[in-house]
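The values are calculated or read from the model by the stated rules, or taken from the named source; none is laboratory data. Please read these numbers as outputs of a predicted model, since none were measured by experiment. Neighbour counts run over all protein chains shown; Cβ positions are idealised from the backbone, glycine included.
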Amino acid sequence: MSSEQRTALQSLRCKECATEYPTEALYVCEQCFGPLEACYDFSGFDPSEAKRKIQAGSNGIWRYSDFLPISGRPDSPLEPGLTPLIRADRLAAALDLPPDCEIWIKNDAANPTHSFKDRVVAVALARARELGFSTVACASTGNLANSVAANAAAVGLESFVFVPSDLEEQKLLATAIYGTTLVGVKGTYDDVNRLCTELAEEQNWAFVNVNLRPYYAEGSKTLAYETVEQLGWTLPDRVVCPIASGSLFTKISRGFSEWLELGLVSGELPRFNGAQAAGCAPVAIAYAEGWDYCRPVKPDTIAKSLAIGTPADGPYALDLARRSNGGIDSVSDDQIRAGIRLLAETTGIFTETAGGVTVAVLRELAERGEIGPGERVVVYITGEGLKTLDAAREGFEIHEIEPNLASFADRVPARVAIAN
Ligand SMILES: *Cc1c(COP(=O)(O)O)cnc(C)c1O
Ligand SMILES: [Zn+2]
């Protein structure tokens with residue numbers, strides 16, 4: 001850790017009653033049980049100086065260190081971030097959007113362990129080391145497990161990773177390989193999370209998404225910062241983003257808001273459209289019902305990385321969707337599979353089920369005519385298709401032939417040319 005750097009991090013503050021706490025491994029308010037959030041002191045901030053510093057910074061999220069709850073640039077070799085933002089005209093055409101609409105895909109599968117979780121884990125582990133922890137842990141729906149195990153291995157921390165035991169085999173293997181202690185809990189993610197909350201009381205471990213959650217969550221802001229930078233220091237009109245606990249969804253908004261307040265970008269907060277799987281849609285249901293809280297659900301969906309039945313940030317996600325004139329939709333498992341294929345066939349990006357959820361919601365918005373002329377939409381693709389191969393297994397044909405021309409001519413049908 002470089003010592004000449006200082007941090008703007010000032011305190012942890014309760015999101016409900018604004019009680020302030022020191023910047024330690026704390027996450028819940030003692031007064032009202034509300035969640036704690038990192039607070040900064042940006043007094044004396046100079047936007048043009050900050051912009052220069054960002055642009056001269058690293059090729060990853062540490063270029064935004066001044067906006068994160070850490071003291072300077074950590075020395076982990078697995079720096080996430082600066083993932084591609086790709087304009088997806090063929091996808092826009094397939095959705096029959098007006099020609100002046102722009103669809104942009106933020107491909108966060110391009111991170112070191114192939115999901116956006118590397119952002120939050122990098123920040124949480126950096127903070128864990130600053131606070132003196134030697135063991136890190138997490139409750140995970142899969143991608144967090146991959147990322148905690150890999151990032152702990154990279155910097156020599158002990159790790160314990162807790163997942164539902166029925167997780168996709170690819171995600172279990174891609175976690176165990178890093179030499180972590182992998183614990184498969186016979187239950188849902190919500191059972192895993194409850195167990196980890198109890199364990200956090202007993203063990204002196206940094207649970208990245210329990211007692212370090214206020215720091216962990218801040219990592220997602222970097223997706224907003226990158227989007228602004230990659231759009232030439234402007235804001236999109238709308239974002240479409242998956243929701244599990246609601247942390248990513250709400251923190252992208254916090255990232256945009258911070259930069260608006262600090263004068264690094266101008267304009268208005270985009271519309272926020274949240275995406276859930278119908279088999280686990282507590283936030284989408286609450287949105288449709290007009291509730292300002294979420295009723296717990298028991299997940300049953302192929303989108304396991306989003307299968308959180310009691311979303312911690314659900315009320316804040318609801319508020320954001322309403323306040324920004326966005327919305328929250330849910331899609332069926334068949335729509336998710338179709339979403340994965342649509343993205344793959346129009347952009348060359350193979351996403352996991354969570355990305356299928358996001359693209360399927362984009363398609364719903366397009367079909368309902370909600371995306372207006374001239375809109376610029378950023379779609380957050382948060383994970384990699386190779387991790388959920390089962391979702392891609394059906395509906396394809398392999399043309400098996402003998403190694404000769406006659407067999408090829410006989411068994412492989414001629415292809416209709418693809419437009420564009
Ligand atoms: C964890 C995860 C999300 C969203 O998580 P939140 O809990 O809402 O922050 C989205 N996509 C993928 C692939 C994930 O692993
Ligand atoms: Zn409080």
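Numbers for the structure displayed
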item	result
From Leu82, Leu97, residue being within 30 Å of Thr135 (Cα to Cα), more than 16 Å from ligand 1 (Cβ to nearest atom) and assigned to a loop (DSSP other than H, G, I, E, B)	Leu82
Single unsatisfied condition, Leu172 versus (1) free of Cβ contacts under 8 Å to residues at least 40 places away in the same chain; (2) crowded, with 24+ Cβ neighbours inside 10 Å; (3) within 16 Å of ligand 1 (Cβ to nearest atom)	(2)
Scan of region 7-22 for residues that are more than 9 Å from ligand 2 (Cβ to nearest atom), at pLDDT 95 or above, of a type outside the set (Phe, Trp, Tyr) and more than 24 Å from the chain's Cα centre (by Cα), ordered by number	Gln10, Ser11, Glu20, Pro22
Answer residue from region 8-34, given it is touching a Phe, Trp or Tyr at 6+ places or on another chain (Cβ under 7 Å) and outside any loop (DSSP other than H, G, I, E, B) and is nearest to ligand 1 (Cβ to nearest atom) among those	Leu12
Enumeration of residues in region 224-282 that are among the small types (Gly, Ala, Ser), over 13 Å from the mean Cα position of the chain (by Cα) and farther than 24 Å from Phe45 by Cα	Ala277, Ala278, Gly279, Ala281
Subset of region 112-124 (residues that are in a loop (DSSP other than H, G, I, E, B) and either touching a helix residue (DSSP H, G or I) at 6+ places or on another chain (Cβ under 6 Å) or within 15 Å of Phe207 (Cα to Cα) (or both))	Pro112, Thr113, Phe116
Trp259 part of a helix (DSSP H, G or I), modelled with pLDDT of 95 or more and away from ligand 2 (no atom under 16 Å from the Cβ)	yes
Any hit, region 66-74, residues being of a type in the set (Ser, Thr, Tyr) and within 22 Å of the chain's Cα centre (by Cα)	no
Yes/no for Thr250 being of a type in the set (Ser, Thr, Tyr) and either at positive phi or part of a loop (DSSP other than H, G, I, E, B) (or both)	no
Residue match in region 31-38 (condition: in contact with a Cys (Cβ under 9 Å, 6 or more places away or on another chain), of a type outside the set (A, V, I, L, M) and under 24 Å from Gly81 (Cβ atoms))	yes
Out of Gly34, Gly57, sole residue that is within 16 Å of ligand 2 (Cβ to nearest atom) and not hydroxyl-bearing (Ser, Thr, Tyr)	Gly34
Every residue from region 284-313 that is surrounded by 24 or more Cβ atoms within 10 Å (Cβ to Cβ) and basic (Lys, Arg)	Lys304
Helices (runs of 4 or more DSSP H) contained entirely in region 283-390, each with at least 3 residues that are away from ligand 1 (no atom under 16 Å from the Cβ) and not charged (D, E, K, R)	333-347
Looking only at region 207-250, and only at residues there that are closer than 14 Å to Leu269 by Cβ and among the charged types (D, E, K, R), the one that is farthest from ligand 2 (Cβ to nearest atom)	Asp237
Residue match in region 318-325 (condition: of a type outside the set (A, V, I, L, M, F, W, C), surrounded by fewer than 24 Cβ atoms within 10 Å (Cβ to Cβ) and in contact with a Lys or Arg (Cβ under 6 Å, 6 or more places away or on another chain))	yes
Subset of region 266-290 that is without any contact (Cβ under 8 Å) to a residue 60 or more places away in the chain and among the aliphatic types (A, V, I, L, M) - its residue that is farthest from Gly339 (Cα to Cα)	Leu269
Enumeration of residues in region 217-233 that are under 16 Å from Ser65 (Cβ atoms), touching a residue at least 40 places away in the same chain (Cβ under 8 Å) and within 14 Å of ligand 1 (Cβ to nearest atom)	Glu218, Gly219, Ser220, Lys221, Thr222, Leu223
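The rows are residues; the columns are (1) under 30 Å from Gly385 (Cβ atoms); (2) buried (at least 19 other Cβ atoms within 10 Å of the Cβ); (3) hydroxyl-bearing (Ser, Thr, Tyr).
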{"position": "Ala18", "(1), (2), (3)": "no, no, no"}
{"position": "Tyr21", "(1), (2), (3)": "no, no, yes"}
{"position": "Glu30", "(1), (2), (3)": "no, no, no"}
{"position": "Lys51", "(1), (2), (3)": "no, no, no"}
{"position": "Leu68", "(1), (2), (3)": "yes, yes, no"}
{"position": "Arg90", "(1), (2), (3)": "yes, no, no"}
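Residue-by-condition table, conditions (1) of a type in the set (Ser, Thr, Tyr); (2) part of a loop (DSSP other than H, G, I, E, B); (3) on the phi < 0 side of the Ramachandran plot; (4) surrounded by fewer than 24 Cβ atoms within 10 Å (Cβ to Cβ):
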residue	(1), (2), (3), (4)
Ala217	no, no, yes, no
Tyr225	yes, no, yes, yes
Glu229	no, no, yes, yes
Gly232	no, yes, no, yes
Leu235	no, yes, yes, yes
Arg254	no, no, yes, yes
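Residue-by-condition table, conditions (1) farther than 16 Å from Arg322 by Cβ; (2) more than 14 Å from ligand 1 (Cβ to nearest atom):
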residue: Pro236; (1), (2): yes, yes
residue: Val239; (1), (2): no, no
residue: Pro242; (1), (2): yes, no
residue: Gly246; (1), (2): no, no
residue: Lys251; (1), (2): yes, no
residue: Val265; (1), (2): yes, yes
